[in-house]
1. With the convex hull built on the Cα atoms of the range 351-425, state its orientation-averaged projected area in nm².
2. Which FRET efficiency, nearest 0.05, do residue 402 and residue 492 yield, Cβ-Cβ r, R0 22 Å?
3. Based on the Cβ-Cβ distance from residue 450 to residue 248, what FRET efficiency comes out when R0 is 41 Å, to the nearest 0.05?
4. Using the count of nearby Cβ atoms within 10 Å as a rough guide to exposure, how do 218, 1, 174 rank from fewest to most?
5. Can you report the principal axis dimensions of the range 355-505 using only the alpha carbons, biggest first, rounded to whole angstrom?
6. Please report, to two decimal places, log10 I(q)/I(0) for the range 461-506 at q = 0.19, 0.22, 0.26, 0.34 Å⁻¹ as given by the Debye formula with identical point scatterers on the Cα atoms and no solvent.
7. Considering the range 22-63, what Rg and Dmax in Å follow from its alpha-carbon atoms?
8. Angle, helix 132-143 long axis vs. longest principal axis of the chain, Cα atoms, 0 to 90°, nearest 10?
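Every number here is computed from the coordinates shown, using simple stated rules; none is lab data. The structure displayed is predicted, hence computed values, not measured ones. No Cβ is skipped: glycine too gets one built from the backbone with ideal geometry, and neighbour counts run over all protein chains shown.
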Ligand code: AHR
């Protein structure tokens, strides 16, 4: 057991938490839509064909804004395919995922589903195979209340009132050579700027996200952000970041340092955006939409890709169905801590993805739906992280990372709201438990009353690779943290190695 100490000072505010930081992402990919959220024959399905068990789990997860319809898929998508009578909708080849898209679910159906789960829509436009005109068509269809041919069509399709979509992504991962319509930063920056200007002319109330890098390891990382923002700085509100992490070569300790990479990613993009602001003599601050983040065993996906047969274009195949274990969930919880630590600039984030596809929720056709290990840190953080994010630097033991040097074992953040405070801590050490002493004196003084622990949730398994499966869907969960207490304004908590903990104080 190593010692660790911290002091929770309410003056160390990072920012008010934008609820959009607890967003999700639904792509037409694998069994995400079909056999995931939409399965008309399922016993729990409603009259619209949406699975009720999935709706309940998505609500429990607490997802604010949901990015749709892709991802790589959007770069070949014609949004008009997904509107109008379902029977007349075209079947198309989805080049991104080598599958057949039936278009049984489109904009209207997806909005109906969002209404059921209580989340907001964030739409991505296709800037891969399409351009400004199609983006404007979609925006007019979705957001305009003036009577036009497009809005009449929308009303005829069942929505008299506009969808009023606030956040729009200008394409997806346009820096990636795998992306349909991939461009260099100069070409994409010009296209994004033209499209953004047109979209704002049509609806000045929208918020626009320009594509940043697909990961911090992209060869163009940094230069891409600078060049794209030089073109679009005045036109957009957000720049995107995407990052996926996985354990490589069985090195759990290195994997547990993933949050350091995410922090460096965010801080580098902020520095680049602010550099462009400085050159432009502007006070404007571009925010970050971390609109794809998760643990994803991309190396396994490469093997999956090799099984694609040129003449086979399946409907809703099992793709990217990663099964998450306890270690993944601790890394995942630490990524959530990292996002909150940057809540001043990360004003929106989307967990990629939601159901079946690298997802916190899994389903079996005709069978049950269950929570993956990663479900727990997300639902707890979304529920307990309210009000303001507050810095919580911890003095703790360290470990050596090959990529990042000396890394603190404990990583933490606090949030403070009118009813109390929440503390989130990851113990990233694979070897040592930590005895944390958290001095609450400044917070108790500011509140004028004592604090006690009202909830605690520990995610930890002796078997790091324990997972929830169809056969054993509740193998990994959270449990109260033994012995956590506040005495004389000091919170004492013993945190096992490779663990994630949430504590609510009131
Ligand atoms: O989330 C899976 C894929 O990862 C998305 O389609 C793409 O944007 C990213 O590369």
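1. 7.5
2. With a Förster radius of 22 Å, E is 0.10.
3. The computed FRET efficiency comes out at 0.35.
4. 1, 218, 174
5. So the three principal-axis extents are 55, 39, 27 Å.
6. At q = 0.19, 0.22, 0.26, 0.34 Å⁻¹ the computed log10 ratios are -0.73, -0.86, -1.04, -1.35.
7. 10.5, 31
8. 70
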